[in-house]
1. Is it the case that Ser217 is away from the ligand (no atom under 13 Å from the Cβ) and either in the same structural domain as Val81 (by TED's automatic domain parsing) or assigned to a loop (DSSP other than H, G, I, E, B) (or both)?
2. May I ask you to say which residue of Asn103, Asn110 is within 30 Å of Ile300 (Cβ to Cβ), in the same structural domain as Val242 (by TED's automatic domain parsing) and away from the ligand (no atom under 15 Å from the Cβ)?
3. Any chance you could count how many residues in region 156-182 are of a type in the set (A, V, I, L, M) and outside any loop (DSSP other than H, G, I, E, B)?
4. Mind checking which residues of region 157-176 are more than 20 Å from Val83 (Cβ to Cβ) and away from the ligand (no atom under 12 Å from the Cβ)?
5. When region 1-22 is examined, which residues are found to be within 16 Å of the ligand (Cβ to nearest atom) and either outside any strand (DSSP E or B) or surrounded by 21 or more Cβ atoms within 10 Å (Cβ to Cβ) (or both)?
6. Can you name every one of the helices (runs of 4 or more DSSP H) wholly within region 294-393 that holds 2 or more residues which are in contact with a strand residue (DSSP E or B) (Cβ under 8 Å, 6 or more places away or on another chain) and open to solvent by 20 Å² or more (accessible area, probe 1.4 Å)?
7. For the list (1) under 19 Å from the mean Cα position of the chain (by Cα); (2) surrounded by fewer than 17 Cβ atoms within 10 Å (Cβ to Cβ); (3) not acidic (Asp, Glu), I need the number of the one condition that Phe50 fails.
8. Out of all the residues in region 282-296, which are closer than 16 Å to Ile332 by Cα and of a type in the set (A, V, I, L, M, F, W, C)?
Amino acid sequence: MHNKPRLLTPGPTQIPEQVRLELSRDMVHHRKPYFTSMMQELQTNLRRLFCTEQPVLPLSCSGTGAMEAAIDNLFNPGETVLVVEGGKFGERWTQISEKKGLNVIKLEVNWGNAVDPRNIKEHLDKAPEISGILLQASETSTGVLHPVSQIGELVRERNTLLIVDGISAVGISPCPMDKWNIDCLITGSQKGMMLPPGLAPISLSARAWQKTEQVESGNYYFDLRKELEKSYEGQTAYTSSVNLIMGLKAAMELFFEQGLEEMHRKYWALTQMARTGAEALGLQLLAEDNYTWGLTSIKIPSDVDGQKLVSRIAENYNIVIAGGQNQLKGKIVRIAHMGYVDWTDILAALYALQATLQELGGSNRADSNYLEQALKAYEEAKQAPVKEATPKT
Ligand SMILES: *Cc1c(COP(=O)(O)O)cnc(C)c1O
């Protein structure tokens, strides 16, 4: 008898039944009234999700497509951008920007640390030609939360656009676009949105829209001004991902039955649960203070092969977690708690982690009551007010 599958990776994530049923509905036409009125209704919830008064455009692509659309529509070749590189997704900003011919200043940050806003300020003071700051709200490869709200304060009086990849933050931890002065916010359907991969909602501030008028886009498909115009009619520029949009509508309804704050509180509590459990197992966490609410990165003892650990957990328990990427490969595991998850998933993951570490002969420093400790942390965090998601640096 197989165990129930548990997909606990930082994308794709598990999907609730209500959304799966929506995905399987009869096809409808994307230019007809049923669909366009659904799109218009959806706008309200997408704006609530992004905490913005601006339109949110659900592009048909994975998250990287929206990252590329942002760069392509907001900057001309030769412009200078500052990229926060503290992980694999930070590096992606650099690669996309260089492809567009931008001049990239890299602000390298240790993998596992958050960027210090004072370093950003130094760069902005030294190089006033910087016309964009590119970073992740949550760097998924390390599980670090960057101080977006503090960086937003720095660009308020400057002519610098703040472009935030919120793919593993939106819907998971606070990332209010308008309040934090974000000029472009992106997410992806397969992370915190309880949907399959394939949609990447993006939103631009008023001044970012103004900037697009001065930019020569090199891309036919990802033309954001064209998408904006079509969005007023409840349409997309080209054929919409009809079923994903229907799924999105259902997902947003589930989401707002709870409300943004309750959803954040849940992910916060699951984060406390995973972190407490890992520490009670005698393991170290990669991110100390500034940690993401959607996943927990746990260091693996050097006497254990991290890649083998991940594959044995899948074979033995049907629980799929993620390993490390690039320089962290084999050194960490990442247990995701985003999308459609609850405490029983994290309980199962902690148990599987402990048992498999033992199977692979790692030195056992686990407290015997690690599961109780984890559950207690979860219960306490659920009662306490959610901390502001502003990391201390
Ligand atoms: C998942 C993810 C992406 C996008 O990856 P896709 O595979 O293109 O969806 C980008 N940035 C972050 C922070 C992510 O977590």
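1. Taking the combined requirement at face value, the residue satisfies it.
2. Checking each option against the conditions leaves just Asn110.
3. 4
4. Selection gives Glu157, Gly171, Ser173, Pro174, Pro176.
5. Leu8, Thr9, Pro10, Gly11, Pro12, Thr13, Gln14, Ile15
6. Ranges flagged: 306-317.
7. (2)
8. Once the filter is applied, which keeps residues that are closer than 16 Å to Ile332 by Cα and of a type in the set (A, V, I, L, M, F, W, C), region 282-296 yields Leu283, Leu285, Leu286, Ala287, Leu295.
The values are calculated or read from the model by the stated rules, or taken from the named source; none is laboratory data. Small disclaimer: the values here were computed from a predicted structure and weren't measured. Note that each Cβ is placed from the backbone with ideal geometry, even for glycine, and that neighbours are counted across all protein chains shown. Accessible surface areas use protein heavy atoms only, side chains included; no ligands, DNA or RNA. Shrake-Rupley method; radii C 1.70, N 1.55, O 1.52, S 1.80 Å.
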